[in-house]
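Here the structure comes first, spelled out in structure tokens, and everything after it is commentary.
Please treat every number below as a calculation from the coordinates, not as lab data. As the structure is a prediction and not an experimental result, all values here were calculated from the model. Glycine gets a Cβ as well: all are built from the backbone with ideal geometry, and neighbour counts include every protein chain shown.
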Amino acid sequence: MAKARTSLVRTGLIHLALISYTLIALFPVFLTLVNSFKSRNAIFRDPMAIPTPSTFDLVGYKTVLAQGDFFGYFQNSMIVTVVAIALVLLFGAMAAFALSEYRFRGNLLMGLYLALGIMIPIRLGTVAILQGMVAAGLVNTLTALVLVYTAQGLPLAIFILSEFMRTVSDDLKNAGRIDGLSEYAIFFRLVLPLVRPAMATVAVFTMIPIWNDLWFPLILAPGEETKTVTLGAQMFIGQFVTNWNAVLSALSLAILPVLVLYVIFSRQLIRGITSGAVK
Amino acid sequence: MSDIDTADPAIAPIKRPTRWHIAVFLAPAVLVYTAIMILPLIETLRLSLYNLVDGQTVFVGLSNFATLFSDPRLSASFWNALGNNLIFFVIHMLVQNPVGIALAAMLSVPKLRFATFYRTAIFVPTLLSFVIVGFIWKLILSPIWGIAPSLMDLVGLKWAFAPWLGKPDSALITVSLISVWQYVGIPMMLIYAALLNIPEEVLEAAECDGITGWSQFWKIKLPLILPSIGIISILTFVGNFNAFDLIYTVQGALAGPDGSTDILGTLLYRTFFGFQNQMGDRSMGATIATVMFLIILAGVSLYLFVIQRRMRRYQF
């Protein structure tokens with residue numbers, strides 16, 4: 001009896017601690033979203049209140065949409081992220097297949113070479129990357145960002161995908177070979193469909209740092225035409241610091257797509273992490 | 001990892017046609033990775049040995065490093081940034097990782113209700129960009145809006161409120177804690193995964209021996225998750241010594257007040273691109289990047305060759 005009670009108390013304390021931390025984690029996000037729908041006076045008078053009909057006001061969003069080209073920024077971020085993820089998945093899977101399927105001279109060395117980038121951040125090469133992009137005439141293009149993010153995403157993608165590809169049955173691949181499938185057909189038609197769950201995990205891992213990056217857009221593509229959402233929001237807020245409605249609305253607009261994607265993909269992401277994809 | 005190039009004698013003598021498909025599979029990844037990541041990195045390291053003399057780029061040996069470490073103007077900001085970066089890292093190690101481990105330990109309690117909800121919610125800040133996180137906290141901590149003071153008033157702590165981000169003594173700690181708030185999800189998830197991987201039998205055996213609750217955590221689980229703690233430490237280290245975005249959004253490129261939140265990333269940005277009346281300097285930028293590279297390399301090597309080797313791994 002006494003034991004049951006202590007365990008009940010313990011569970012209660014655990015819930016209390018977790019609820020408190022959940023509040024700490026979500027409160028700032030909640031505060032931003034709620035206040036972005038309120039009039040300026042209401043933001044200051046009662047910041048914690050949910051917007052009511054009398055305080056509801058979309059003036060912040062109107063300013064944001066009138067002043068900054070947020071749709072354009074979104075489009076840029078989408079293009080960069082989607083193309084980079086597609087390239088990381090395709091190139092990464094191909095390299096991972098080569099490393100996990102074939103024994104060839106230098107296999108291990110190649111694996112280590114490609115794994116270097118997991119630990120060494122690509123940012124440290126910025127000075128020369130900018131120089132190279134200037135020489136190639138790619139400054140202020142989305143191509144520059146796509147290239148950089150592809151290079152940045154590849155090491156981890158190759159590492160995770162080759163772990164998964166080792167688990168694909170050899171019998172299946174050999175059966176394909178006996179049936180006269182080329183190595184390319186074996187990769188595209190047999191192996192790729194089987195590692196789809198791992199590809200999804202890699203896609204999510206690759207997406208977050210690309211979507212959120214500020215450094216490379218700031219350095220390689222700061223032009224109005226090529227601004228990403230992160231950089232656009234950063235600059236917009238910098239200009240409108242004192243316009244609280246606009247700042248809160250811009251923040252909400254930047255949070256929303258991430259939240260939506262997270263709600264859709266959170267299972268995938270968490271399963272990916274907890275299944276030991278990143279060890 | 002040590003026996004890298006011991007070519008397998010069993011397969012070496014067999015002559016077979018060149019397997020071009022291997023090259024085709026590897027080529028795109030290797031090309032992009034080498035061209036955009038490895039070569040620029042090497043080029044940056046090389047540039048740190050050159051500087052402009054009378055408009056010509058000439059080899060100057062290690063004199064850029066000498067300037068960085070001892071030039072009265074530059075070295076002061078460098079040592080300041082390095083010191084701040086160390087404090088930034090120490091705060092993450094002391095707050096982020098223990099909190100992450102504690103959250104993971106609580107989440108992994110068997111049959112805990114709403115565990116998925118807590119886990120999903122606590123991970124939300126990690127997904128947000130630094131820009132969002134930085135500005136949200138700037139607003140919350142702003143004395144103008146008064147969210148922080150009125151919240152502290154609820155628990156009777158209003159007197160303790162100060163514009164933390166604006167004071168040189170507290171700005172670095174505040175920024176570090178914001179970063180901790182954002183990133184606590186990563187250690188939480190990795191440790192949670194490690195805790196779930198501990199087999200049931202081990203815990204049952206411990207319970208039979210009367211080891212439960214707290215002592216079970218300290219004596220059984222903690223030793224088993226040490227390798228994961230090693231990984232989160234090195235991830236934190238690399239992330240911290242390469243950080244830039246959060247400080248840039250919260251405190252600007254000057255990393256104020258009075259350089260008190262300046263870390264290597266912001267120093268690199270200012271040195272390389274110039275800021276206000278400071279001219280951009282490619283060679284010094286490359287030199288700072290090289291120093292950051294060496295620091296990160298030292299940390300990663302220490303982890304790979306010393307810590308990870310000494311750590312006992314348990315196979316189940």
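With r defined as the distance between the Cβ atoms of A:Phe27 and A:Tyr102 and R0 fixed at 56 Å, what FRET efficiency is calculated, to the nearest 0.05? Please list the in-between numbers first.
Working: r = 52 Å, r/R0 = 0.93.
Once rounded, the FRET efficiency stands at 0.60.
With springs connecting C-alpha atoms under 10 Å apart, model chain A as a Gaussian network and identify which of A:Asn76, A:Asn107, A:Asn35 has the largest mean-square fluctuation.
Taking springs between Cα atoms under 10 Å, the residue moving most is A:Asn107.
When a footprinting reagent is the concern and you count Cβ atoms within 10 Å, what order do A:Ser77, B:Ser142 take, fewest first? Display every interim value, and only then the final one.
Numbers: A:Ser77 25, B:Ser142 16.
So the residues, fewest neighbours to most, are B:Ser142, A:Ser77.
Which order results if B:Lys219, B:Lys138 are arranged by neighbouring Cβ count within 10 Å, fewest first?
So the residues, fewest neighbours to most, are B:Lys219, B:Lys138.
Between A:Phe164, A:Phe97, A:Phe56, which gets the highest mean-square fluctuation from a Gaussian network model of chain A, Cα cutoff 10 Å?
Of A:Phe164, A:Phe97, A:Phe56, the Gaussian network model singles out A:Phe56 as fluctuating most.
So what's the Cα pair-distance distribution over the range B:95-254, bin width 10 Å, in %?
Result, from short to long distances: 9, 30, 30, 20, 9, 1 percent.
Taking the Cα centre as origin and putting +1 on Lys and Arg beta-carbons and -1 on Asp and Glu beta-carbons, what dipole magnitude results for the range A:132-259, to the nearest 20 debye?
Roughly 100 debye, rounded to the nearest 20.
Positive end of the dipole of the range B:65-310, charges at C-beta (+1 Lys, Arg; -1 Asp, Glu), about the Cα centre: which of B:Ile91, B:Gly230, B:Met279 has its Cα farthest in that direction?
B:Met279
With an 8 Å Cα cut-off and a minimum separation of 6 or more residues, compute the relative contact order for chain B in percent.
Working: 323 pairs, mean separation 76.4, N = 316.
In percent, rounded to a whole number, it is 24.
Where does each of B:181-189, A:247-255, B:208-216 land if you order them by average Cβ count within 10 Å, highest first?
A:247-255, B:181-189, B:208-216
Calculate for chain B the 222 nm mean residue ellipticity that helices alone would give, adding -39,500 (n - 2.57) per DSSP H run of length 4 or more and normalising by residue count, nearest 500 deg cm²/dmol.
Helix contribution divided over all residues of chain B: -19000 deg cm²/dmol.
Multiplying the sequence separation of A:Val241 and A:Ala86 by 0.36 nm and subtracting their Cα-Cα distance, what value in nm do you get?
Gain on extension, A:Val241 to A:Ala86, equals 52.1 nm.
Can you give the mean number of other chain Cβ atoms that lie within 10 Å of the Cβ atoms in peptide A:27-34?
4
With a cut-off of 19 Å, note down the residues of the range B:262-302 whose backbone N falls inside the zone around a label point 7 Å from the Cα of B:Leu94 toward its beta carbon.
Answer for this model: B:262-263.
Summarise the partner chain shielding of A:94-100 as one whole number: the mean count of Cβ atoms from other chains within 10 Å of each residue's Cβ. Spell out each step's value before the answer.
Values: counts 7, 8, 3, 4, 10, 4, 0.
For this peptide, the per-residue mean of nearby foreign Cβ atoms is 5.
If the chain between B:Trp218 and B:Leu86 were fully stretched, how many nm would it gain, using 0.36 nm times the residue separation less the Cα-Cα distance? Intermediate values should be presented prior to the final figure.
Details: separation 132, 0.36 × 132 = 47.52 nm, distance 2.83 nm.
Once the chain is fully extended between B:Trp218 and B:Leu86, it gains 44.7 nm.
Which ordering of A:Phe44, A:Phe91 is given by a fewest-first count of other beta-carbon atoms within 10 Å?
Sorted ascending by nearby Cβ count, the order is A:Phe44, A:Phe91.
Between the range B:67-111 and the range A:20-34, how far is it from one alpha carbon centroid to the other, in angstrom?
24 Å
How large is the dipole of chain B about the Cα centre if only Lys and Arg carry +1 and Asp and Glu carry -1, each at its Cβ, rounded to the nearest 20 debye?
Magnitude of the dipole: close to 380 debye.
Please compute the modelled spin-label separation between B:Leu39 and B:Ile144, points set 7 Å along Cα→Cβ, answer in nm with one decimal.
It works out to 4.8 nm between the two label points.
How many nm is it between the label spots at B:Phe117 and B:Trp159, if each spot is 7 Å from the Cα in line with the beta carbon?
About 3.8 nm, to one decimal.
Using a 10 Å cut-off on Cβ to Cβ distances, tally the other chain neighbours for every residue of A:148-158 and report the average as a whole number.
Averaged over the peptide's residues, the number is 4.
Extension gain B:Ala23-B:Leu302, at 0.36 nm per residue separation less the Cα-Cα distance, in nm?
Taking B:Ala23 through B:Leu302 to full extension adds about 97.1 nm, to one decimal.
Read phi for every residue in the range A:128-135 and hand back ³J(HN,Hα) as whole Hz from Karplus 6.51 cos²θ - 1.76 cosθ + 1.60, θ = phi - 60°, with x for Gly and Pro.
Coupling constants for the range A:128-135: 7, 4, 4, 4, x, 5, 4, 4 Hz.
Tell me whether chain B comes out rounded, prolate or oblate; compute the Cα gyration tensor, take square roots of the eigenvalues as a ≥ b ≥ c, and use a/c under 1.5 as the rounded threshold.
Numbers: a/c = 2.19, a/b = 1.05, b/c = 2.08.
It comes out oblate by the Cα gyration axes.
For A:Asp69 and A:Asp46, what does the FRET efficiency come to when R0 = 51 Å and r is the distance between their Cβ atoms, rounded to the nearest 0.05?
The pair A:Asp69/A:Asp46 has a calculated efficiency of 0.95.
I want to verify a result. In a Gaussian network model of chain A, Cα cutoff 10 Å, which of these has the top mean-square fluctuation: A:Thr242, A:Thr143, A:Thr206?
Comparing A:Thr242, A:Thr143, A:Thr206 in a Gaussian network model of chain A, the most mobile one is A:Thr242.
Calculate, for A:Ala200 and A:Val139, the FRET efficiency according to 1/(1 + (r/R0)^6) with r their C-beta to C-beta distance and R0 41 Å; round to the nearest 0.05.
0.80
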